[in-house]
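> This structure is in structure tokens; I'll ask about it shortly.
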Amino acid sequence: MARPTTVVLVRHGTTTTTGQVLPGRAPGLHLTEAGRAQAEAAAGAIAALRPRPRALYVSPLERARETAAPIATALGLRASVERGLNGCDFGGWTGKRLATLARRAEWRRVQQAPSTFRFPEGESFAEMQQRVWSTLERLAERHRGQSVVCVSHADPIKAAVTFALGVPLDLFQRTVISPASISVVTIGAGAPVVLCVNANTLERGERP
């Protein structure tokens, strides 16, 4: 029987626009002081995992790489940039304020029927989910039987977790992935298994 790979999924820490703007792949967003503290706390939790993770992969965006930095130090690993972990391509909606977008007619589809929606000049949710899951499967095969850490973004992690659970894409918005939270899935031994979702946030006094 194939040995499963444990994949530890970490969302980047808080930035100056978290919860206010749809950042997507916008460059130049950095962690706030609180975000750096969140990343350090996540690194401590991950360093305590057994078996110890053997590899660390990260989205190319600055906020993800800054979150990965203390994890790399804690594990004694070098973070490898993996473009398949990038945030969703929101196209023409990149950088728009969430309060503004919520007034658009299409916002209801984003929240209630995301499988039917493609961001203008960007990705569809289905394409994002396929991209992220195929990336995780490839990394799981590369590190069969080991544990790896992947630092990414809220929507990609949410899409991966719900796919592993067998939840329809149209219901994936019911899952919360908080800044610097940890979710864990196993891949490669039959059906994927979800071990935890959105962990290590409430313990630090944050709202989920």
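The values are calculated or read from the model by the stated rules, or taken from the named source; none is laboratory data. All of these numbers come straight from a predicted model, not from anything done at the bench. We place every Cβ from the backbone using ideal geometry, glycine too, and count neighbours over all the protein chains shown.
> Under 7 Å by Cβ, and 6 or more places apart or on different chains, what pairs join a residue from region 183-201 that is in contact (Cβ under 8 Å) with a residue 12 or more places away in the chain and in a loop (DSSP other than H, G, I, E, B) with one that is crowded, with 19+ Cβ neighbours inside 10 Å and among the hydroxyl-bearing types (Ser, Thr, Tyr)?
Qualifying pairs under 7 Å: Gly188/Thr5; Pro192/Thr186; Asn200/Ser181; Thr201/Ser178; Thr201/Ser181.
> A further question follows. Applying the selection to region 30-40, what residues are outside any strand (DSSP E or B) and crowded, with 23+ Cβ neighbours inside 10 Å? Break it down into steps so the answer makes sense when it comes.
From region 30-40, those outside any strand (DSSP E or B) are 30, 32-40; that's our starting set.
Result: Gln38, Ala39.
> Just a yes or no: is a residue in region 49-57 under 30 Å from Phe119 (Cβ atoms) and either of a type in the set (D, E, K, R) or surrounded by fewer than 22 Cβ atoms within 10 Å (Cβ to Cβ) (or both)? Can you show your working first?
Pass one, region 49-57, residues under 30 Å from Phe119 (Cβ atoms): 56-57.
The next check asks that each one be either of a type in the set (D, E, K, R) or surrounded by fewer than 22 Cβ atoms within 10 Å (Cβ to Cβ) (or both); those that pass are none.
Looking through region 49-57, none of the residues is under 30 Å from Phe119 (Cβ atoms) and either of a type in the set (D, E, K, R) or surrounded by fewer than 22 Cβ atoms within 10 Å (Cβ to Cβ) (or both).
> Here is a further query. Hey, does region 32-43 have a residue that's touching a Pro at 6+ places or on another chain (Cβ under 8 Å), of a type in the set (Ser, Thr, Tyr) and within 19 Å of Ile177 (Cβ to Cβ)?
no
> Now a separate question. Which of (1) within 28 Å of Thr116 (Cα to Cα); (2) at pLDDT below 95; (3) among the β-branched types (Val, Ile, Thr) is the odd one out, the single condition Thr201 does not satisfy?
Condition not satisfied by Thr201: (1).
> Evaluate region 147-170: report whether one residue or more is within 25 Å of Glu62 (Cβ to Cβ) and aromatic (Phe, Trp, Tyr). Break it down stepwise before answering.
Within region 147-170, the subset within 25 Å of Glu62 (Cβ to Cβ) is 148-161.
Add one more test, that the residue is aromatic (Phe, Trp, Tyr), and what stays is none.
No.
> Any idea which of (1) over 17 Å from the mean Cα position of the chain (by Cα); (2) part of a strand (DSSP E or B) is the one Ser80 doesn't satisfy?
(1)
> Which of the residues spanning region 50-66 are at pLDDT 95 or above and either under 21 Å from Thr15 (Cβ atoms) or out of contact with any Leu (no Cβ under 9 Å at 6 or more places or on another chain) (or both)?
Leu56, Tyr57, Val58, Ser59, Pro60, Leu61, Glu62, Arg63, Ala64, Arg65, Glu66
> Could you list, in sequence order, the residues of region 1-24 that are closer than 26 Å to Glu137 by Cβ and surrounded by fewer than 18 Cβ atoms within 10 Å (Cβ to Cβ)?
Met1, Ala2, Arg3
> If you don't mind, there's one more thing I want to ask. All but one of (1) crowded, with 21+ Cβ neighbours inside 10 Å; (2) of a type in the set (Gly, Ala, Ser); (3) not in a helix (DSSP H, G or I) hold for Ala64; which doesn't?
(3)
> Follow-up. For region 94-174, give me every one of the helices (runs of 4 or more DSSP H) that falls completely inside it and has 2 or more residues that are of a type in the set (Lys, Arg), under 25 Å from Ala72 (Cβ atoms) and touching a residue at least 12 places away in the same chain (Cβ under 8 Å).
Working: elements: 98-101, 107-112, 125-142, 154-165.
Hits in region 94-174: 125-142.
> What are the pairs, 6+ residues apart or on separate chains, where a residue within region 13-31 that is among the charged types (D, E, K, R) has its Cβ under 6 Å from a residue that is buried (at least 22 other Cβ atoms within 10 Å of the Cβ)?
Pairs that qualify, where the first residue is among the charged types (D, E, K, R) and the partner is buried (at least 22 other Cβ atoms within 10 Å of the Cβ), are Arg25/Gly87.
> For region 67-79: of the residues being of a type in the set (A, V, I, L, M, F, W, C) and under 14 Å from Val8 (Cβ atoms), which is surrounded by the most Cβ atoms within 10 Å (Cβ to Cβ)?
If we filter region 67-79 for residues that are of a type in the set (A, V, I, L, M, F, W, C), which is where we start, we get 68-69, 71-72, 74-75, 77, 79.
Next, from what is left, pick out any that are under 14 Å from Val8 (Cβ atoms): 68, 71-72, 74-75, 77, 79.
Numbers: Ala68: 28, Ile71: 25, Ala72: 18, Ala74: 19, Leu75: 19, Leu77: 18, Ala79: 20.
Applying the filter and picking the extreme gives Ala68.
> Which residue is modelled with the lowest pLDDT, if the candidates are limited to region 1-22 and must be in a loop (DSSP other than H, G, I, E, B) and over 21 Å from Ala37 (Cβ atoms)? Let's see the steps before the verdict.
Kept after step one, since they are in a loop (DSSP other than H, G, I, E, B), are these residues of region 1-22: 1-4, 12-14, 16-20, 22.
Then keep just the ones that are over 21 Å from Ala37 (Cβ atoms); that gives 1-4, 22.
Numbers: Met1: 57, Ala2: 75, Arg3: 89, Pro4: 95, Leu22: 96.
Out of the qualifying residues, it is Met1.
> Continuing with this model, one more query. Here is a check on your reading of the model: is Cys88 at pLDDT 95 or above, assigned to a loop (DSSP other than H, G, I, E, B) and surrounded by 15 or more Cβ atoms within 10 Å (Cβ to Cβ)?
Working: at pLDDT 95 or above: yes; assigned to a loop (DSSP other than H, G, I, E, B): yes; surrounded by 15 or more Cβ atoms within 10 Å (Cβ to Cβ): yes.
Yes.
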